[in-house]
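**Student:** Below you will find the structure I want to go over with you.
The values are calculated or read from the model by the stated rules, or taken from the named source; none is laboratory data. Everything quoted here is computed from the prediction, not taken from an experiment. Cβ atoms come from the backbone with ideal geometry, glycine included; neighbour counts cover every protein chain shown.
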Amino acid sequence: MAYLEPASAFASGTAREVPADWALQGEEATGFSPLEWTVIALARRDRLSSLSAPGPLARAFGSVFGIGRQSVLADPRLEAIRRVAVHAWHRGYTLPVSEIKRFLAAGFTTGQFETLLASISVKRVDRKRR
């Protein structure tokens, strides 16, 4: 990627290389991979209770009756996106600060966070209209 200096925008041969860290500020900083979009879509069916650890009584009933709790995703990055997506599907823009911090600590950007919330809110409004 290159840019032209404003003073010589029409001069030929004055293009310079853009620093590498600038290249991440475009579309890549707000998008998700296909796998991450799949996790976001699947989180629509998860309950809020899937985010909390089961208590002693729930573990006892689970072992007696064979009822298992939904397991968390093995990849911490995907689990962070799933947790935020579950909250967003159920509560909209009302998310716990701890989940936002976990999402950002997993390596996601604020642009990705805004993209996730905006895409889920559009789907929630469409679902309510039907």
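**Student:** Which of the residues that make up segment 80-130 are in contact with a Leu (Cβ under 8 Å, 6 or more places away or on another chain) and of a type in the set (S, T, N, Q)?
**Tutor:** Passing the criteria: only Thr110.
**Student:** If you don't mind, another one. Any idea how many residues of segment 112-130 are under 16 Å from Arg77 (Cβ atoms) and either among the small types (Gly, Ala, Ser) or part of a loop (DSSP other than H, G, I, E, B) (or both)?
**Tutor:** Of the residues in that region, 0 qualify.
**Student:** Looking at segment 85-101, is at least one residue modelled with pLDDT of 85 or more, outside any helix (DSSP H, G or I) and surrounded by 15 or more Cβ atoms within 10 Å (Cβ to Cβ)?
**Tutor:** Yes.
**Student:** Glu28: at pLDDT below 65, part of a helix (DSSP H, G or I) and closer than 30 Å to Arg127 by Cα, yes or no?
**Tutor:** Yes.
**Student:** So Ala58 clears everything in (1) in a loop (DSSP other than H, G, I, E, B); (2) modelled with pLDDT under 90 except one condition, right? Which one?
**Tutor:** (1)
**Student:** List the pairs whose first member sits in segment 27-49 and is of a type outside the set (Ser, Thr, Tyr) and surrounded by 11 or more Cβ atoms within 10 Å (Cβ to Cβ), whose second member is outside any helix (DSSP H, G or I) and modelled with pLDDT of 85 or more, and whose Cβ atoms are under 6 Å apart, counting only residues at least 6 apart or on separate chains?
**Tutor:** Short answer, once both residue conditions are applied: Ala29/Thr109.
**Student:** Right, here's the next one. So Arg129 ticks every box in (1) at pLDDT 90 or above; (2) exposed (fewer than 11 other Cβ atoms within 10 Å of the Cβ); (3) among the basic types (Lys, Arg) but one. Which box is left unticked?
**Tutor:** Every listed condition holds for Arg129 apart from (1).
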